[in-house]
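First up is the structure itself, then whatever we jot down about it.
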Amino acid sequence: MAIKLKIPTGSKTGKAGSWPFPRDPVLKAALIIFLVLATTTGGIFTYYYVTFGRMIEQRFKGPVFGNSARIYAVPHAVQVGEEIEPREIAAELRHAGYSDQTGGQSTMGSYRLLEGGIEIKPGPDSYHSQESAVIRVRGGKVDSISSQSGDLAAYELEPQMITSLFDAEQRSKRQLVTYDQIPKLMVDAVLAIEDRRFFQHGGVNFIRLAEAMWVDVTHQRHEQGGSTITMQLSRAFFLTPQKTVKRKLSEMLIALEMEQKLSKQQIFEFYANRVDLGQRGSFTISGFAQASQAYFNKDLKDLTPAEAALIAGIIQAPSYLSPYRHPERALERRNLVLDTMVETHALPKAEAEKAKATPLKLAPPNVEASDAPYFVDMLRETLISKLDERQMNDQGYRIYTTLDPELQKAAAAAVQTGMKLVDDQVTKLRTKRTKIGKNKFETKVLPGPQAQVALVAIDPHTGQVLALVGGRNYGMSQLNHAVARRPTGSIFKPFVYAAAMNTALDGANPVFTPASMVQDEPSTFSYGDQIYEPRNYKEEYHGDVTARYALALSLNNATVKLAEEVGYEKVADLAKAAGIVSVKATPAMALGAYDATPMDMAAAYTVFANFGERISPTVVNSVRNANGDVVLDFKPDKRQVLDSRVAFVMTTMMEGVMNFGTAFPVRARGFNAPAAGKTGSSHDGWFAGYTTNLLCIVWVGYDDYSDLRLSGAQTAAPIWAEFMKKAITLPQYSSPKPFSQPPGVVDVQLDKTTNLLATPACPETYDAAFIAGTEPSETCDQSTGMRGFFSRVFGLGGEKALPPPPPGAQPGAQPASETSPEDRSKKKKGFFGKITGIFKDDKPSNPPPPKPADNGGNGPQ
C-alpha cells in the first residue's frame with residue numbers, strides 16, 4: 001500500500017518558499033551572525049588543526065634531535081705503586097658507563113669489588129679489548145695488576161667522556177636519554193614543580209590555567225604560569241616566546257594534538273632532552289642529562305634528591321636562578337621543589353629535610369677545567385677537514401682525544417690564579433696619582449684592554465696535546481689564542497744558540513760551545529741597506545761573556561752578535577726546520593721579531609725536549625663508529641732536526657736559565673724539579689719550559705697588540721710554575737727525572753774566571769756539558785798570556801754564572817749574588833770601549849718598542 005507524505009512548503013501562513021527563520025529581525029540577524037561566526041571559527045579551527053597536525057607529524061616522524069659525536073679523554077693508566085683505592089677506580093668506571101656485576105651487565109663493561117682489589121671486565125662497546133684484569137691494592141697503593149696475559153706494570157681504564165661535539169649553528173650541547181634512562185627521582189621532581197597532573201590531563205590543565213588567570217587578574221601582575229609540560233614543549237618546538245593571545249591559543253591547540261599523537265612517556269622524553277637549563281661558557285645547556293654533567297659533573301642516574309630538585313627548579317628561569325651567579329635564589333628554589341615533592345608524596349619528609357640541609361655542591365664553574373672548549377674547537381677543526389661533520393654526529397661517532405682531564409683542571413686553575421696576578425700588575429701600571437689642588441691628589445686607574453692568555457701542554461715524546469687553555473673566558477671570547485700568531489720574543493733565542501752549538505758537528509769554523517766568549521756590548525748590525533741596533537734590558541751590558549751566561553740572562557746584543565757570527569741563514573734554516581716558518585734571516589730574527597703561535601712554539605721546543613726530533617702536536621688519537629670500529633687513526637709527524645747531543649747541550653743551558661737566569665722566579669715559586677726553559681717578551685710575555693715528560697708554553701698579551709709592559713718572567717712564568725707544581729702531583733707526571741745524557745756528551749767542571757778546566761787551584765767553578773771533543777783542554781792554572789793576565793787583573797771574560805736563589809727568595813727579587821745595578825753601571829761599556837770611547841750612543845737607529853724585553857732580553861726592534 002502506498003503511503004503519501006506531505007512535505008510542508010511554507011510557513012504557517014502557507015506561503016511557499018519561506019524559511020523557518022524567526023520573524024523578529026533582531027533574532028534573525030543574531031542567528032545569521034552566529035552561523036557566520038560558527039562557520040568561520042570552524043573553518044579556522046579545522047585549518048589550524050590540520051596545519052598543526054602536519055607540523056607535528058613532520059617534526060616527529062624522524063629523529064627529533066640531531067645525534068652528536070662523543071668526545072673522550074685520554075685513558076687513565078693505573079700504575080703499580082700509584083696511590084688509589086678500589087672504590088675510586090670503581091667510581092671512574094661507573095662514570096665511564098661500566099656497571100657493577102651484581103647489578104647487571106653494561107655493554108661498555110663491568111667491574112666487581114674484591115677484598116683488597118677490583119676485577120674489571122671491558123664489554124663489547126669498550127675502547128679496549130675484552131681482556132679482564134684484576135688490580136690489587138695494599139695500604140692505599142696498587143700492589144699488583146694481573147691479566148690473562150700475565151702481570152702488568154699499568155692498566156688503562158675506560159676513557160672518560162669530556163663532552164659532545166656541539167651543534168655549530170645553535171651552539172647548544174645535549175646528551176640524549178630515553179624515558180627509561182631518566183631516574184624516577186628526576187621525573188618526580190619535575191612533575192612536582194612544573195606539572196603535577198601531567199599523567200592525567202589531555203595536554204591542557206584547564207583548572208590550573210583558570211587558577212593562574214584568576215591570580216594574575218586579582219594581583220594585577222603575572223605571578224603564576226598555567227602551562228603544562230606539553231604546552232611548554234609545543235612552545236619550544238613550534239612557537240616563538242612572544243606573549244600574545246594568538247600564541248597562547250596556538251600553544252594549547254598544539255598541545256592537545258600532541259597528546260593525541262604521542263604517548264605521555266614520549267612527550268616527557270622530548271621535554272627532558274629539549275628544555276633549556278642555562279648557559280655554560282657560550283653554549284646553551286639543553287636537557288637534564290647535559291645539566292647533570294654541567295652542574296654536578298655526574299651522570300643523570302647518579303643524582304641525589306637535592307641535585308635533581310635543583311635542576312627541576314631552574315627550569316622556570318635558568319638565568320635568574322643560576323646557581324653560579326645567584327646561589328641564594330637557586331637554593332631557595334631547590335628547597336621549594338623538595339617541599340612540593342613531599343606534597344606529591346614523591347619524597348618522605350625526613351629525606352626532604354635532609355636534602356634541604358645540604359649546601360649547593362656544584363662542579364667548578366671554570367668551563368676550561370671540565371669542557372675544555374678551546375680544545376674541542378681545535379679538535380672540531382681538525383676533524384671536519386677529514387670527516388663529514390653531519391655524519392660524525394648523526395652516526396654517533398666516538399672521538400678519542402689526547403686530553404688529560406686532570407691536567408686540564410690543573411691548567412685551568414693555574415691560568416685563573418696567574419691571571420689575577422697579571423691583572424694586579426696591570427692595574428698598578430695604570431694607576432696614576434695626580435695633583436688636583438693644594439695638598440689634594442686624585443688616584444685614577446686608566447682604562448685599557450684586558451690581558452689574554454694561552455697555555456699549551458704536550459707530551460714532548462708523543463706530541464699529544466694533554467691540556468689547552470686558549471683564553472681566560474670562553475663565554476666572552478671564542479678566539480683561541482693558542483693558535484694566534486704573535487712575535488715570539490726571547491723564547492726564540494735558544495734556536496740561535498742551538499745553531500751555534502751545531503758548529504761542533506757541521507764542520508764550521510769557529511766551533512762554538514757553551515763556554516765560548518761572546519761580546520755583549522752596544523753594537524750596530526747591518527743587513528741590506530738597513531741598520532739594526534738592539535738594546536739590553538735597562539741598557540745594561542756585560543762585556544765578554546760565555547754563551548751559557550748570555551742565554552741565561554737573555555742578553556740581546558750578545559745573542560744578535562752570536563747569530564751574526566754563526567750566520568743568520570743557518571739560524572733561520574734551523575728555526576724553519578723546527579716549524580717556525582715565518583722567520584727571515586735578519587738580525588731582528590735573533591730576538592724573536594717574527595710571529596708564531598703558542599702551538600707552533602710547543603712543537604718547536606720538542607726539538608730540545610725530544611732528543612733533537614721534532615714531533616707535531618696532535619689532539620686526537622682515533623675516531624670510531626658506534627660499533628667501536630676504527631674510522632680514522634691519527635699519527636704525529638716526526639723528523640730529526642737536531643743531533644741529540646746538541647739538543648742535550650741546549651737543555652743544560654736552559655736549565656741554567658731556570659736555576660740562575662731570568663727564569664729563577666719559577667724556582668722561587670716552589671717548583672724545584674729538574675726542568676729547562678726560557679722566558680720571553682716582545683709586546684707580550686712568554687714562557688717555554690719542559691721536564692722529561694711534559695712541555696708547556698704560556699703566552700700573555702693584549703688582543704690589540706698593545707705593549708703589555710710586563711716581562712715574561714712577571715706574567716707567563718708564574719702561570720707555568722703553578723701549572724707544573726700541580727702537574728707533578730699527578731701519578732703520570734710525578735717525580736720528573738734528570739734529563740738523560742746521550743753518548744758523545746761530556747760534563748766538565750770549569751773555572752769561573754778563565755772558563756778552562758778547573759783544578760784545586762781554582763776553587764770558583766761551574767759545571768757545563770760539551771759535545772765530546774769540544775770541551776776545553778787546558779786547565780785554569782795553565783792560562784797564560786795577555787788574555788790570562790787581563791782576566792786575572794781586571795776580572796774580564798770570566799763566566800759570571802749566578803748561584804740559585806737562596807731559600808725563601810721572593811718572586812721578582814734578584815738572585816742574591818747578582819751584580820748590583822750600581823756595579824753594573826760601571827760595566828756598561830767594555831774595557832777598551834771605556835778607554836777609547838769608540839762605541840756609539842746606545843740608542844738604536846730604528847725605533848725600538850716602548851718597552852724592552854724580559855729580565856735581560858729585549859723584544860724585536
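The values are calculated or read from the model by the stated rules, or taken from the named source; none is laboratory data. All values derive from a computational prediction rather than experimental measurement. For neighbour counting, all protein chains shown are included, and Cβ atoms are generated from backbone atoms with ideal geometry for every residue, glycine included. Areas reflect the complete protein model, heavy atoms only, side chains present, ligands, DNA and RNA absent. Shrake-Rupley method; radii C 1.70, N 1.55, O 1.52, S 1.80 Å.
When each of the peptides 467-475, 70-78, 551-559 is scored by how many other beta carbons lie within 10 Å of its residues on average, the order from highest to lowest is 551-559, 467-475, 70-78. Here the accessible area is traced with a 1.4 Å probe on the protein chains. For the stretch 271-327, carbon and sulfur cover 49 percent of it. Extending 7 Å from Cα along the Cβ direction at S622 and again at F441 yields two label points whose distance is 6.7 nm. With the highest mean first, a sort of the peptides 567-573, 401-407 on other beta-carbon atoms found within 10 angstrom per residue produces 401-407, 567-573. Between R485 and T107, the contour length at 0.36 nm per residue exceeds the Cα-Cα span by 131.6 nm. In this structure the amide hydrogen of G543, modeled in the peptide plane, comes within under 5 Å of the amide hydrogens of D520, none closer than 5 places in sequence on its chain.
Translational diffusion coefficient of the stretch 516-591 (Stokes-Einstein, Kirkwood radius from Cα pairs, 4 °C, 1.567 mPa s): 102 µm²/s.
Counting only residues at least eight positions apart within a chain, or on another chain, the aspartates and glutamates with an alpha carbon under 16 Å from that of K570 are D506, D643. Backbone phi angles across the stretch 595-612, fed through the Karplus curve with coefficients 6.51, -1.76 and 1.60 (θ = phi - 60°), yield HN-Hα couplings of 7, 7, 8, x, 5, 4, 5, 4, 5, 5, 6, 4, 4, 7, 7, 10, 6, x Hz in residue order; Gly and Pro are listed as x. Note on D747 and K246: the extension gain reaches 171.8 nm, defined as 0.36 nm multiplied by sequence separation minus the Cα-Cα distance. Treating only the Cα positions of the stretch 566-713 as identical point scatterers, give the base-10 log of I(q)/I(0) from the Debye formula at each q in 0.14, 0.18 Å⁻¹. Taken in order of the listed q values, log10 I(q)/I(0) reads -0.77, -1.15.
Here the accessible area is traced with a 1.4 Å probe on the protein chains. For the stretch 376-520, carbon and sulfur cover 49 percent of it. The C-alpha atoms of the stretch 251-319 occupy a region whose extents along the principal axes are 37, 26, 17 Å, arranged from largest to smallest. Spatially, the stretch 263-324 and the stretch 362-439 are offset by 23 Å when compared through their Cα centroids. Note that the stretch 226-359 shows a convex hull volume over its alpha carbon atoms of 125 Å³ per residue. Cut-off under 17 Å on the C-alpha distance; same-chain residues fewer than 8 positions from K243 excluded. Which aspartates and glutamates are left, in chain and number order? Cross-link targets: D216, E223, E251. Computed on the stretch 699-759, the Cα convex hull volume stands at 220 Å³ per residue. Size estimate for the stretch 655-760 follows the Kirkwood approach: the inverse of mean 1/r over distinct Cα pairs works out to 15.4 Å. Remark on the stretch 502-649: Rg and Dmax equal 19.1, 68 Å (Cα only). Within the shell of other residues whose beta carbon sits under 14 angstrom from the beta carbon of I145, the net charge comes to -3, with Lys and Arg scored +1 and Asp and Glu -1.
Each Lys or Arg adds one and each Asp or Glu takes one away; over the other residues whose Cβ falls under 15 Å from the Cβ of P738, this sums to -2. For the stretch 590-721, the fraction of 1.4 Å probe accessible surface lying on carbon and sulfur atoms is 43 percent.
Take the stretch 72-186 with all the other protein chains still there, run a 1.4 Å probe, and you get 49 Å² of accessible area per residue.
Listed values for the stretch 458-463 are Karplus-derived 3J(HN,Hα) couplings in whole Hz (6.51 cos²θ - 1.76 cosθ + 1.60, θ = phi - 60°), namely 10, 7, x, 9, 10, x, and x replaces Gly and Pro.
Label K141 and D388 with points 7 Å out from Cα along Cα→Cβ: what is the distance between them in nm? So the two model labels end up 5.4 nm from each other. Backbone N atoms of the stretch 577-616 closer than 19 Å to the 7 Å Cα→Cβ label point of K635 belong to residues 613-616. If R0 is taken as 25 Å, the Cβ-Cβ distance between T431 and L362 corresponds to a FRET efficiency of 0.10. Coupling constants for the stretch 501-518 follow from the phi torsions by the Karplus curve (6.51 cos²θ - 1.76 cosθ + 1.60, θ = phi - 60°), and in residue order they are 5, 5, 4, 5, 10, 9, x, 6, 9, x, 9, 9, 9, x, 9, 5, 8, 10 Hz; glycine and proline get x. Scoring 674-687, 656-669 by mean Cβ neighbours within 10 Å over their residues and listing the highest first yields 674-687, 656-669.
Once the C-beta distance of S477 and D424 is scaled by a Förster radius of 30 Å, the resulting FRET efficiency is 0.90 to the nearest 0.05.
Using a cut-off of 30 Å between Cα atoms, the listed pairs K428/K561; K141/K737; K493/K726; K184/K354; K61/K246; K298/K726 include K428/K561 as exceeding that distance.
Per-residue extension of 0.36 nm, minus the Cα-Cα distance of S740 and H326, leaves a gain of 143.8 nm for this segment.
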